[in-house]
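One structure below.
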2 protein chains.
Amino acid sequence: MNAFSYRISGVQPSAIREILKSTADPSVISFAAGNPAPEAFPVDEIRRISNDILQEEPIAALQYSITEGYPKLRDWLKEDMAKKGNFSENDEDLIITCGAQQAIETCAKIFCNEGEAIICENQSFIGSLNAFRSYNAKLVGVETDDDGMIPEKLEKALKDNPRTAFIYTIPNFQNPTGITTSLERRKAILELAYKYNVLIVEDNPYGELRFAGIDVPTIKSMDTKGHVIYAGSFSKVLSPGLRVGYMIAAKSIIGKATVALQTSTVHANIWAQMVAYRFVTEVNFEEHLEKLREIYKRKCSLMLNSLKFSMPMSIAFTEPEGGLFLWGTLPRGDMNAFCKAAVAEKVAVVPGNAFLMNEKGVSYSFRLNYSTPTDEQIEKGVEILAKVAKTMF
Amino acid sequence: MNAFSYRISGVQPSAIREILKSTADPSVISFAAGNPAPEAFPVDEIRRISNDILQEEPIAALQYSITEGYPKLRDWLKEDMAKKGNFSENDEDLIITCGAQQAIETCAKIFCNEGEAIICENQSFIGSLNAFRSYNAKLVGVETDDDGMIPEKLEKALKDNPRTAFIYTIPNFQNPTGITTSLERRKAILELAYKYNVLIVEDNPYGELRFAGIDVPTIKSMDTKGHVIYAGSFSKVLSPGLRVGYMIAAKSIIGKATVALQTSTVHANIWAQMVAYRFVTEVNFEEHLEKLREIYKRKCSLMLNSLKFSMPMSIAFTEPEGGLFLWGTLPRGDMNAFCKAAVAEKVAVVPGNAFLMNEKGVSYSFRLNYSTPTDEQIEKGVEILAKVAKTMF
């Protein structure tokens, strides 16, 4: 019988899933997830809005809709994104997707032939990497430092890979490292994209969750030549269960993406799109975002302070200015053994090699999530991690 | 800058969309859609259920969930499908998708290398054809008669295309023709799949909407060798806006589909999955289905009787035993001119060539939908169609 297609046959379930399985045990404290804080969900507002929708326009919420997305939500997003420099009415368009993940996957589908390169930060979001792998892309990792991709390394990657589908980057509070790409670096990345005539896919799921430092302009907002495809999402600012994201790009690209989405999901759940629209227009959205930033700021500080207080000095941690993740790096030694020892003591973290272009590569780092656990879990979990670390480092 | 990938560069927006655009004009009577009857939506029940969910378990409805789908819904479906012979616990699995369309697209992604064949009924559902086209599949159409695919023609297609990814079929009330594949033909198709060692993708979105004749066993229920992938959906029996469908296949296949869906939509909207679960368990689902069958039976009869009463005798119509569509075939002449003349008189139908493997091919047929228009629209629209037809045939 048929074998699986070449494109997908090599893709395996992500290593993270195995770790996450251990977190089904309720006695395990999980720093391994990437979920928004449950206390950040505006439950009462969503219930009221949902009820209004199903009272006032139930057929619209339940019937087939158009692939491009709920027109009112698209219009609101276009206006909001235009204000932020991420959308230009004249030559761009915006389509609603089932989460930003579908926007990323669609970019691979419509741009990447099998064997072509996709250039990423040398550790990157596993969901995107697997989306690229599912089209048999050649993943090329570019070394990063505290300011993001190193331009010389990016240029070398572009030179080495003339058949590059696009550069993929998460400039704000990157997953997994929490690092923000500096303004200079963003400019350099864009210039290199122009020089080598390649596209950039800018993934910005956490951009609104900045709780320290100053906003850095998106790469999209600096693009004057239509090279940047922008992916955004309601998952971190409203609810991920809704599965509502969006993609902005040149009209021809969104046209092709529309064809691709017509043939896969047809359209995103329409109730969810209506909920998102009413939420951003009926509730004080900026106030809601402020509340989220407060939650994440507090949780991040709590975890960082706990780590600094109790972990061996030799283990370094990034200090993110937003988002959901911290990145720890061991001085030496066996990172996987550390993660395994931690989970045996009922604290789950994600081993850094899960985020490498090649999962079998060597990493001395691990990812910690501070948004999902409670304050008590953060304190207790870090205490346990520290005990484990002290026996090893 | 990058061209689109080879796989998708040839795919154009479907011809149907152009027709559907004309239906944005509210004075146009549309027989061109494929929407469930709006009066078939259980609006009050869904509103109550939604409110209960957002009251009782809001975080579960709003947080990330697992790719496989909402466990309670999966369990209910497994049990229901096992009763119907479509699921076997031992060697099969079931995954929730964003509509059956995503199941179909995923089959192409995981099985069809570029240039490989997918064998379909010679006119078939345009959404599926475009999904296959988006992976650069070679579409091979098999001639059908009133009993479905003709086995000799299917065998020839299999012989001619040793690199076939799968056979795609809609055995019940096919879209666009309304034809049901007979039991003998289903057996013959399965035997040929065994003989040539290929998979079958059985798409059954309308199976529960039988309003005449006797149920025919699914191909899946006769499969003893794990060759059949089954796609089902809540779109026609509950609401398409929910975007909840499912896919049943051998465990290894569902495992690979899970990887594919993890990297695209992550999971289907979880609120919608919970609504579907509570609906099928809290409401008398069989009674609801009976109500739907009554609605479709009545509308189908109304359209067929009107057509028989007023259309020229030389135009033939299928008499479906379920589903949403009728298929008209002109004796000769220019079908596209007929469709254009009809839309000029404010009645939209879909030209038959839209459903061919090659849209530029010749068709003398057109598709009529009876589920979406009101009774008045059916009567008035058929009257107009008849007037147009009489001037031409």
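The values are calculated or read from the model by the stated rules, or taken from the named source; none is laboratory data. Bear in mind that the values here come from a model prediction, so they are computed numbers and not experimental data. Every residue, glycine as well, gets a Cβ built from its backbone with ideal geometry; the counts of neighbours run over all protein chains shown. The accessibility values were calculated without ligands, DNA or RNA, using every heavy atom of the protein model including side chains. Shrake-Rupley method; radii C 1.70, N 1.55, O 1.52, S 1.80 Å.
Per-residue answers, yes or no, for (1) in contact (Cβ under 8 Å) with a residue 12 or more places away in the chain; (2) open to solvent by less than 10 Å² (accessible area, probe 1.4 Å); (3) β-branched (Val, Ile, Thr):
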| position | (1), (2), (3) |
| --- | --- |
| A:325 | yes, yes, no |
| A:343 | yes, no, yes |
| A:359 | yes, no, no |
| A:374 | no, no, yes |
| A:383 | yes, no, no |
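Evaluating residue B:95 against the criteria (1) buried (at least 21 other Cβ atoms within 10 Å of the Cβ); (2) part of a helix (DSSP H, G or I) leaves one unmet condition, (2). Annotation note: of A:147, A:160, A:93, the sole residue that is among the acidic types (Asp, Glu) and under 26 Å from residue A:239 (Cβ atoms) is A:93. When B:127, B:141, B:69, B:85 are checked against the criterion of being more than 9 Å from every other protein chain (Cβ to nearest Cβ), more than 30 Å from residue A:49 (Cα to Cα) and not in a strand (DSSP E or B), B:85 stands alone in meeting it.
In this structure, residue A:256 qualifies as open to solvent by 10 Å² or more (accessible area, probe 1.4 Å), within 13 Å of chain B (Cβ to nearest Cβ) and in contact with a Phe, Trp or Tyr (Cβ under 9 Å, 6 or more places away or on another chain). In this structure, is residue B:132 in a loop (DSSP other than H, G, I, E, B) and within 19 Å of residue B:193 (Cβ to Cβ)? So residue B:132 fails the test. Of all the residues in the range A:171-203, those that are touching a residue at least 40 places away in the same chain (Cβ under 8 Å), in contact with a Phe, Trp or Tyr (Cβ under 7 Å, 6 or more places away or on another chain) and over 28 Å from residue A:316 (Cα atoms) number 3. Scanning the range A:43-57 for residues that are touching a residue at least 40 places away in the same chain (Cβ under 8 Å), more than 7 Å from chain B (Cβ to nearest Cβ) and under 26 Å from residue A:205 (Cβ atoms) yields A:45, A:49, A:53.
Exactly one residue out of B:3, B:24, B:40, B:60 is open to solvent by less than 40 Å² (accessible area, probe 1.4 Å) and within 14 Å of another protein chain (Cβ to nearest Cβ), and it is B:40.
Would you check if there is a residue in the range B:151-170 being part of a loop (DSSP other than H, G, I, E, B), open to solvent by 10 Å² or more (accessible area, probe 1.4 Å), in contact with an Asp or Glu (Cβ under 9 Å, 6 or more places away or on another chain) and touching a residue at least 40 places away in the same chain (Cβ under 8 Å)? Within the range B:151-170, one or more residues are part of a loop (DSSP other than H, G, I, E, B), open to solvent by 10 Å² or more (accessible area, probe 1.4 Å), in contact with an Asp or Glu (Cβ under 9 Å, 6 or more places away or on another chain) and touching a residue at least 40 places away in the same chain (Cβ under 8 Å). The residue of the range B:6-16 that is most open to solvent (accessible area, probe 1.4 Å), among those that are within 8 Å of chain A (Cβ to nearest Cβ) and modelled with pLDDT under 85, is B:12.
For the range B:69-87, what are the residues that are of a type outside the set (Phe, Trp, Tyr) and either open to solvent by less than 40 Å² (accessible area, probe 1.4 Å) or modelled with pLDDT under 95 (or both)? Scanning the range B:69-87 gives B:69, B:73, B:74, B:77, B:78, B:80, B:81, B:85, B:86.
Quick check on the range A:275-283. Is at least one of its residues loosely packed, with under 14 Cβ neighbours inside 10 Å and closer than 30 Å to residue A:75 by Cα? Yes: one or more hits. Being surrounded by fewer than 20 Cβ atoms within 10 Å (Cβ to Cβ), out of contact with any Pro (no Cβ under 7 Å at 6 or more places or on another chain), more than 21 Å from residue A:356 (Cβ to Cβ) and of a type in the set (Ser, Thr, Tyr) is true of residue A:182.
Considering only residues in the range A:98-124 that are among the polar types (S, T, N, Q) and assigned to a loop (DSSP other than H, G, I, E, B), the one that is nearest to the other protein chains (Cβ to nearest Cβ) turns out to be A:113. Exactly one residue out of A:268, A:249 is within 13 Å of chain B (Cβ to nearest Cβ), out of contact with any helix residue (DSSP H, G or I) (no Cβ under 6 Å at 6 or more places or on another chain), open to solvent by less than 20 Å² (accessible area, probe 1.4 Å) and part of a strand (DSSP E or B): that is A:249.
The condition of being at pLDDT 95 or above and under 20 Å from the mean Cα position of the chain (by Cα) holds for residue B:175. Taking the conditions exactly as written (more than 27 Å from residue B:41 (Cβ to Cβ), in contact (Cβ under 8 Å) with a residue 60 or more places away in the chain and among the basic types (Lys, Arg)), does residue B:308 satisfy them or not? Spelling it out, it is not the case that residue B:308 is more than 27 Å from residue B:41 (Cβ to Cβ), in contact (Cβ under 8 Å) with a residue 60 or more places away in the chain and among the basic types (Lys, Arg). For residue B:238, the conditions (1) crowded, with 24+ Cβ neighbours inside 10 Å; (2) outside any loop (DSSP other than H, G, I, E, B); (3) not basic (Lys, Arg) are fulfilled apart from (2).
Every test in (1) surrounded by fewer than 15 Cβ atoms within 10 Å (Cβ to Cβ); (2) in contact with a Lys or Arg (Cβ under 7 Å, 6 or more places away or on another chain) is passed by residue B:321 save one, and that test is (1). Assessment of the range A:182-202 against the conditions (among the polar types (S, T, N, Q), farther than 22 Å from residue A:101 by Cβ and modelled with pLDDT of 95 or more) yields at least one matching residue. Name every residue in the range A:174-210 that is assigned to a helix (DSSP H, G or I), within 17 Å of residue A:122 (Cβ to Cβ) and either within 14 Å of chain B (Cβ to nearest Cβ) or touching an Asp or Glu at 6+ places or on another chain (Cβ under 7 Å) (or both), in order of residue number. Passing the criteria: A:185, A:192. Take the residues in the range A:219-231 that are open to solvent by less than 20 Å² (accessible area, probe 1.4 Å) and out of contact with any Pro (no Cβ under 7 Å at 6 or more places or on another chain); name whichever of them is nearest to residue A:370 (Cα to Cα). Going through the qualifying residues, I end up with A:231.
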